[in-house]
Amino acid sequence: MEIVPGLAGIPVAHSEISDIDGDKGILEYRGYNINTLADNSTFLETAYMLIYGKLPTMFELSKFDNAIVKRQKLKFRIVDCMKNLPESSHPMCVLQSMTALLSAFYQGDKIDEQSEFDTITRLIAKIPVIVANWARMRKGDDPVAASDELTFAENFLYMLTGKVPDSETADIFDKCLILHAEHTMNASTFATMVVASTLADPYKAISSAIGSLSGALHGGANEEVIKMLLEIGEPERAKEYVTSRLDKKERLMGFGHRVYKTYDPRALKLEILLKRLAEIKGSTKMYDIAKEVERHAIERLAERGIYPNVDFYSGCIYNLLGISTDFFTPIFAIARTPGWLAHWREYRGDNKLFRPTQIYIGKHNLEYKPINER
Ligand code: ACO
């Protein structure tokens with residue numbers, strides 16, 4: 001028996017939810033190209049489609065949307081718990097804890113259709129509220145309540161800043177959420193499935209996924225990209241920075257991917273969105289630096305199949321929206337919640353408790369010595 005470190009390349013389930021062609025740079029959700037979805041869909045419609053396997057009718061989408069809008073608030077006891085956390089708590093720590101805490105208030109282990117719908121819409125609704133509330137509360141500001149009049153993306157930015165964003169900015173943010181909503185089997189999706197396979201409720205499963213996403217090897221690279229671009233400071237300095245880093249055999253953050261050996265299709269779309277947002281905000285410097293880094297990096301790395309990945313441009317977009325760097329991964333979690341829920345629901349249809357094995361390499365038959373003889 002041989003172990004496969006990190007289970008790399010080992011399939012753990014059949015799935016109809018998403019697919020990647022890493023050589024051609026194609027990502028599909030349920031058979032729809034993500035570019036088509038980013039151009040035509042909304043985050044909530046895409047979320048419905050990922051979870052329930054088909055595009056919703058007008059009636060289905062409106063029911064889904066209304067259920068989410070009505071749940072975009074938190075029990076005062078949860079808000080009180082958050083008030084008691086140290087201001088320095090990382091937003092991912094707060095998000096993971098408060099998501100788990102939802103299971104103290106709501107039953108999540110019933111599996112009839114209505115309970116499942118309630119749990120799904122509750123998680124999609126409340127995760128952004130937790131994130132936005134914490135962004136304000138840690139600065140000593142009161143939370144801003146969601147508005148029934150706003151879209152999902154508008155509401156998040158409104159709860160975060162207290163200002164209703166212009167519709168084009170909200171639309172760009174909504175597309176970012178679509179592009180991050182799902183990405184086949186990965187650490188956080190697997191974490192969801194492992195926990196859910198024990199029949200633990202979805203609040204605990206999604207909380208585990210958030211814990212998994214918080215690690216630097218999974219959700220954190222977009223923060224590093226912003227640090228790198230700020231360090232470069234001017235587009236003219238990009239070449240020198242890239243050359244010196246690659247000459248020293250250091251990695252460029254936001255480049256390369258285990259599966260994509262060409263452009264990550266999400267990066268291509270995000271670049272267009274960043275360009276537009278930079279025009280709207282009248283601030284193109286970050287975009288100009290990023291493009292220069294990309295140009296010089298590709299000259300050196302393309303022949304090895306290393307191109308910008310999803311993290312390269314997403315961090316720039318959130319930075320331009322004025323969002324603190326430590327909130328980039330929580331936004332990733334907001335976006336990825338439908339993907340996690342889709343896998344939770346799909347796997348539950350033919351659930352098998354995850355129980356891998358190990359190869360024991362320790363000792364046997366040791367003699368127990370009393371403590372005073374050791
Ligand atoms: N910059 C420079 N060189 C790189 C980069 C990079 N970003 N990525 C890979 N390479 C080089 C490696 O140095 C290595 O070179 P070597 O063969 O001379 O030793 C070679 O390419 C292969 O590297 P691996 O790590 O084996 O390739 P893998 O496909 O496993 O890497 C990974 C994928 C981990 C994402 C890598 O590209 C990386 O570290 N990128 C930077 C961090 C980053 O952006 N992470 C976000 C990924 S997207 C996401 O998770 C949402």
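Structure notes:
- Ordering Thr36, Ser15, Gly140 by the projection of their Cα atoms onto the charge dipole of the chain, which places +1 on the Cβ of Lys and Arg and -1 on the Cβ of Asp and Glu, puts Gly140 at the extreme positive end.
- Positive end of the dipole of the chain (Cβ unit charges, origin at the Cα centre): among Phe312, Leu102, Pro356, the Cα lying farthest that way belongs to Pro356.
- Longest stretch of the chain clear of exposed loop sites (chymotrypsin sites (Phe, Trp or Tyr not before Pro), DSSP loop, at most 15 other Cβ atoms within 10 Å, sites excluded): 1-353.
- At most 11 other Cβ within 10 Å, DSSP loop - trypsin sites (Lys or Arg not before Pro), region 271-352: Lys352
- Plainly put, the chain has a radius of gyration that is 1.00 times its Kirkwood radius, both from alpha-carbon atoms, as the Rg/Rh ratio.
- Look at where the Cα atoms of region 110-145 and of region 255-292 average out, and the two centres are 29 Å apart.
- Across the chain, the mean sequence separation of Cα contacts (distance under 8 Å, 6 or more residues apart), normalised by length, yields a relative contact order of 23 percent.
- Qualifying trypsin sites (Lys or Arg not before Pro) for region 206-250 [loop in DSSP, other Cβ within 10 Å: at most 13]: Lys248, Lys249
- For the residue pairs Lys24/Lys227; Lys70/Lys126; Lys126/Lys352; Lys73/Lys110; Lys83/Lys204; Lys63/Lys126, the C-alpha atoms sit more than 19 angstrom apart in Lys24/Lys227; Lys126/Lys352; Lys73/Lys110; Lys83/Lys204.
- Solvent-accessible area per residue, Å², over region 221-320 with all protein chains present [probe radius 1.4 Å]: 48 Å²
- Checked against a 29 Å cut-off, the cross-linked pairs Lys139/Lys269; Lys54/Lys269; Lys175/Lys281 give Cα-Cα distances beyond that limit for Lys139/Lys269.
- Euclidean distance of C-alpha centroids, region 29-97 and region 1-28, integer Å: 25 Å
- Overall shape: oblate for region 26-90, with the ratio a/c of the largest to smallest alpha carbon gyration tensor axis at 1.5 or above and b/c at least equal to a/b.
- Under the shape rule built on the C-alpha gyration tensor, where the axes satisfy a ≥ b ≥ c, region 241-300 is oblate, since a/c reaches at least 1.5 while a/b does not exceed b/c.
- For Asp311, net neighbour charge (Lys/Arg +1, Asp/Glu -1) across residues whose Cβ lies under 11 Å away: -2
- Using the empirical formula 2.2 N^0.38 Å as the baseline, the Cα radius of gyration of region 221-320 reaches a ratio of 0.98.
- Protein heavy-atom surface of region 1-105, 1.4 angstrom probe: 54% of the accessible area is carbon and sulfur, with nucleic acids and ligands not counted.
- Projected area, mean over directions - region 192-264, Cα convex hull, nm²: 6.8 nm²
- Sparse-neighbour loop sites [GluC sites (Glu not before Pro); region 139-227; at most 14 other C-beta within 10 Å; DSSP]: Glu149
- Accessible-area order (highest first, 1.4 angstrom probe) of the listed residues Asp142, Asp311: Asp142, Asp311
- Here region 221-320 has 47 percent of its accessible surface on carbon and sulfur atoms, given a 1.4 Å probe and all protein chains in place.
- Classification of region 258-374 by its C-alpha gyration tensor yields a prolate form. The axis ratio a/c (a ≥ b ≥ c) is 1.5 or more, and a/b outweighs b/c.
The values are calculated or read from the model by the stated rules, or taken from the named source; none is laboratory data. Quick caveat: nothing in here was measured; it's all calculated off a predicted structure. Backbone-built Cβ (ideal geometry, glycine too); neighbour counts: all protein chains shown. Protein only, heavy atoms only, side chains kept; ligands, DNA and RNA dropped before computing areas. Shrake-Rupley method; radii C 1.70, N 1.55, O 1.52, S 1.80 Å.
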